[in-house]
Each structure stands twice: as structure tokens, then as C-alpha cells.
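**Q** Submitted below is the structure of interest, expressed as C-alpha cells.
The values are calculated or read from the model by the stated rules, or taken from the named source; none is laboratory data. Remember, predicted model here, so these are calculated numbers, not experimental data. Ligands, DNA and RNA are excluded from the accessible area calculation, which covers all protein heavy atoms including side chains. Shrake-Rupley method; radii C 1.70, N 1.55, O 1.52, S 1.80 Å.
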Amino acid sequence: MRSHPLREQIIAEVHARPFQELQGPLGMRHIAVTYDDVPLSEIKASVARLSDLLQLRETTGKSRFWQGENDQLTLRFEAHHEFYTLTLTALNRLELPQLPQDWLDSAPGSFLCGAEILFRDHQSEANEQAWLEQHFGEHQVNSSLVMSKVGQIWTDFYPREDSGLVRVLVEDRGLQLRQAGRLLQRIYEIETYRHIALLALPLANKVVPVINQLENELVELSTRVATEEPSKLLHQLMDLAERLEALSAQTSNRFSAAEAYFTLVNKRIAELRETRIEGRQTVEQFMDRRLDPATRTCRAAGQRIEQLSRRLARTTQLVRSQVDLSVEQQNRDMLSSLSKRAGEQLRLQAKLESFSIIVVTYYAFDLLDRTLRNLVENEEYRHLMEAGLSISVPFIALLLWLYIRRLLRGVGED
């Protein structure tokens, strides 16, 4: 038995992004960057330069995942289908690590989003209020107890003016090391996936007027199905189908990806296992209020395109049915005309039967007459037989008529 050629790749994918073992205090900076058609090899080379600048040693190196660390920092690189992420963690101090500006200026891709996470041990409520004012000011703060109440998070979901990242504060209330790693990873994944999902929103807003125009055109064409020439309508429907197919090809991948990322966001929020704090809005409540309308807009745009495609197919099928009925009517008229002509030919042939009988009777009489002249030498007998032959002409004609009628009986029935 041999191993499946994809077995190692499947196993590597399952264990590609292990959770870290983390404990407070620490600061984490996470950014998500779109590829912009830059090859993965160039991005990995840029990450290698960053590793050299930060003096990190490699601890995990795979095709789409890399991790390096030293006594003070940990850097994780993850390559996804549309973007890559970098997570830099400052260990054992409540400070946000900084990415070298020289590296940021030359880094490949386009910065999309990110999160700044400060993770500390549990402290008093008085200290909590001062901590929140320091980082969020007058902004409304969302907060909840997470992971079965062994952790607490605070965030305002506003990007910072200096970094463009959303700041999240996390407090340890009994988290295990691996559990803390899962919590922090879920927090920055929520921020990353919601931004990637929302890439479909501008596209949805852009194509909605186009969808409205296509729907109006289809309604207008549908009202003319019963009154207008099908061939003309079919040509217009094919033009409409061509534009709709181009729109579907332009949007289907983005809308499908958005649906998948919205699902991931909801899953990561559910994995937080939030417990509501009185007077505070949870992450789930914030996303339901702010993200759900965008989700519905993107989903509705994709569904309208699919429904419009089905309606267009039904209308086109209706017009094609009319064309088929018209062709069948023409074929029926043609067959009726051919049948009528065949009947006229048969009637004409029947009228000509009498002339045919006369001609055949003449030739039969002449043949018999010549035969008698050659066979009978007696003049008297010959005259008598010729007289009898002349008398038998009506009987010869009758026999020929009966014979011809018998031959033509089957043709007349067909």
C-alpha cells in the first residue's frame, strides 16, 4: 500500500496555524495585507528581511506559515488566498511592538486592516476605568466576559489615527496559556475577516443600479412576449443575457468569498463564548447591528443576480417555445400544401386514366389484328375474326380499365 500523494499536504493544512501559548503582560500588533498580484516568493523574501531586522530565529517554517522569535519578540506570518497577515508580539511587557518603518515603506501589497492588542493580568475596577480612558477616550466601548468568564475584552472598533489599527484590551481572569493564545488569535481574526468580507460591500453598492436596470429591461421585454415578433425579442434577450453573464462573472467570486468570510466572523464570535456585562454592548451585539446590514446587502445583491438569471432563462424559454410553435405551424402548412398537391396529382391521374385506357386498347387491338392477319390465310375466316375482334373492343377496354383501377387502388388510399 502506498500513501496518497496529497496526504502530507492535507495533514500540513490541518496543523498549519497552531495556537500560541501566551501569558500577560504582552502587546500584539496584527496587520492584514492584500497581495496585489505580488508573488508569494517575493512576500516571503520580504518577511525574511523583516526577520533579520528584528533578529529573530526561525521556529516554524512551512510553505504558507512561518514563525520566528527571540527573547523579546515573536513574529508569525500566514499566507491566505487573498491576503497575508503578520502578527508581531512583544513578550513580558505591556507595550505595543513596532514594525520597522523602513520595512513598512518597501513591504509588498496593500495594507487593509489590523488590530493592536494589549493583554494584562486582572486588576481592580478603579484601574480599569483609568485604563479605558487612556486608550479609548470618549468613544463608546464594547466589552464582555469571554471564554466562560475567564477573560474580559474591551474595544471601540475605531481605527487609531496614528496606526490605522483597532485597539483591543484584554484582561486575564484565569486563562490557561493555550486558551489565551486562542482568545487573542480569535480577536484579530474577527477584525481581519470582517474587513475582507466587507470588500464586497462597495461592489454590491456599485452593481445594484445595474441590477435594477437589467430587471426593468427584462420586465419590459416580458410584457412584449405575446405581441411582438419572437425572433426580435430573442435577439434582445440574448443581448440582456450577455450583459447579465458579464455582471455575474464580475461579482460571483467576490460575493461568494464575502459569504464565506461573514460565516467565519460569526463563528469566531461564537467561539468567544461571551457573557454580557450590564451597560456594555458585546462584540456579537455590535456586529449584529453594524455588520449584519452589510452582510444582507452583499447577500441580496448576489441573490438578485441569480434570480434575475433564472427569470431571464424562463423568459427566453417562453420566447423559444413561441419560435418552436411558429416553426411547427410552418412545417404543418408545408406538409398540408404537399398533401394537397399530391391529391391534385392523383385526381389528375384519375382523369387521365380514360385516355390511357383508349391508348392501351388501341395498341392491344392493333396487336391482335396484326397477329390474325399473319396467322389466318383464309380471307373469309380472317374477315370473320376481324369482325369478332372489332365487336370485342369494348370488352378489352373494360378489362384494361378494371386492371388499371386495381393497380391504382392502393395509391388512392395512401
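**Q** Hull surface divided by four, with the convex hull built on the Cα atoms of region 264-361: how many nm²?
**A** Reported value for the Cα convex hull: 12.3 nm².
**Q** Next question, about the same structure. Which residue fluctuates most in the GNM of the chain (Cα springs below 10 Å): Ala197, Ala48, Ala90?
**A** Its mean-square fluctuation being the largest, the pick is Ala48.
**Q** Separate question: Where only protein heavy atoms count, and the probe is 1.4 Å, what is the accessible area per residue for the chain in Å²?
**A** For the chain, the per-residue accessible area is 60 Å².
**Q** Taking amide H positions as placed 1.01 Å from N in the peptide plane, with prolines and chain starts having none, which residues 5 or more places from Ser144, or on another chain, fall under 5 Å of its amide H?
**A** Excluding prolines and chain starts, which carry no amide H, the hits are Ile153.
**Q** If one computes P(r) from the Cα atoms of region 1-134, what percent of pairs lie at distances over 25 Å?
**A** So the portion of pairs separated by more than 25 Å is 35 percent.
**Q** Follow-up question, since we're still on this one. So what does Phe255 come to for accessible area, using a 1.4 Å probe and Å² rounded to 10?
**A** The accessible area comes out at roughly 20 Å².
**Q** Next up: Along each of its three principal axes, how wide is the spread of alpha-carbon positions in region 126-176, in whole angstrom units, largest first?
**A** 33, 23, 16
**Q** To continue, here is another question. Give me the angle, in degrees from 0 to 90, between the Cα long axis of helix 393-413 and the longest principal axis of the Cα atoms of the chain, rounded to the nearest 10.
**A** 10
**Q** Out of the DSSP beta bridges found with both residues in region 95-207, what percent are antiparallel (nearest 5)?
**A** Percentage antiparallel, nearest 5: 60.
**Q** Across 5 Å bins from 0, what is the distribution of all Cα-Cα pair distances for region 67-151, in whole percents?
**A** P(r) for region 67-151, in whole percents per bin: 3, 9, 15, 20, 17, 16, 13, 6, 1.
**Q** Further, regarding this structure: Go ahead and estimate [θ] at 222 nm for the chain from helices alone: -39,500 (n - 2.57) per DSSP H run with n ≥ 4, summed, over the residue count, rounded to 500.
**A** -21500 deg cm²/dmol
**Q** Under a 5 Å amide H to amide H cut-off, with H placed in plane at 1.01 Å, what residues pair with Leu73 once short-range neighbours are removed?
**A** Close amide H contacts, sequence-distant or interchain: Leu91.
**Q** Further, regarding this structure: Treating the angle as unsigned and between 0 and 90°, give the value, to the nearest 10°, between the Cα long axis of helix 292-375 and the longest Cα principal axis of the chain.
**A** The angle comes out at about 10 degrees.
**Q** Looking at the calculated P(r) for the chain, what percent of the C-alpha pair distances fall above 29 Å?
**A** 66
**Q** Express in Å², to the nearest 10, the accessible area of Glu379 obtained by rolling a 1.4 Å probe over the protein heavy atoms while all chains stay in place.
**A** 90
**Q** Rank these by accessible area, largest first, 1.4 Å probe: Arg341, Arg194.
**A** From most exposed to least exposed: Arg341, Arg194.
**Q** Quick one: which residues, 5+ away or cross-chain, put their amide H under 5 Å from the amide H of Leu165? H built at 1.01 Å from N.
**A** Here the answer is Arg160, since their amide H atoms fall under 5 Å of that of Leu165.
**Q** Before anything else, pin down the relative contact order of the chain: Cα pairs under 8 Å, at least 6 apart, normalised by residue count, whole percent.
**A** Over the chain, the number comes to 14 percent.
**Q** Step through the residues of region 240-248 one at a time and calculate ³J(HN,Hα) from phi using the Karplus curve (6.51 cos²θ - 1.76 cosθ + 1.60, θ = phi - 60°), rounding each to whole Hz and writing x for Gly and Pro.
**A** 5, 5, 5, 5, 5, 5, 5, 5, 5
**Q** Taking the chain as the reference, fit the longest principal axis to its C-alpha atoms, fit the long axis of helix 200-222 to the helix C-alpha atoms, and give the angle between the two in degrees, 0 to 90, nearest 10.
**A** Compared with the principal axis, the helix lies near 20 degrees.
**Q** Ok, one more. In the chain, carbon and sulfur make up what percent of the accessible area (probe 1.4 Å)?
**A** Whole-percent figure for carbon plus sulfur exposure: 53.
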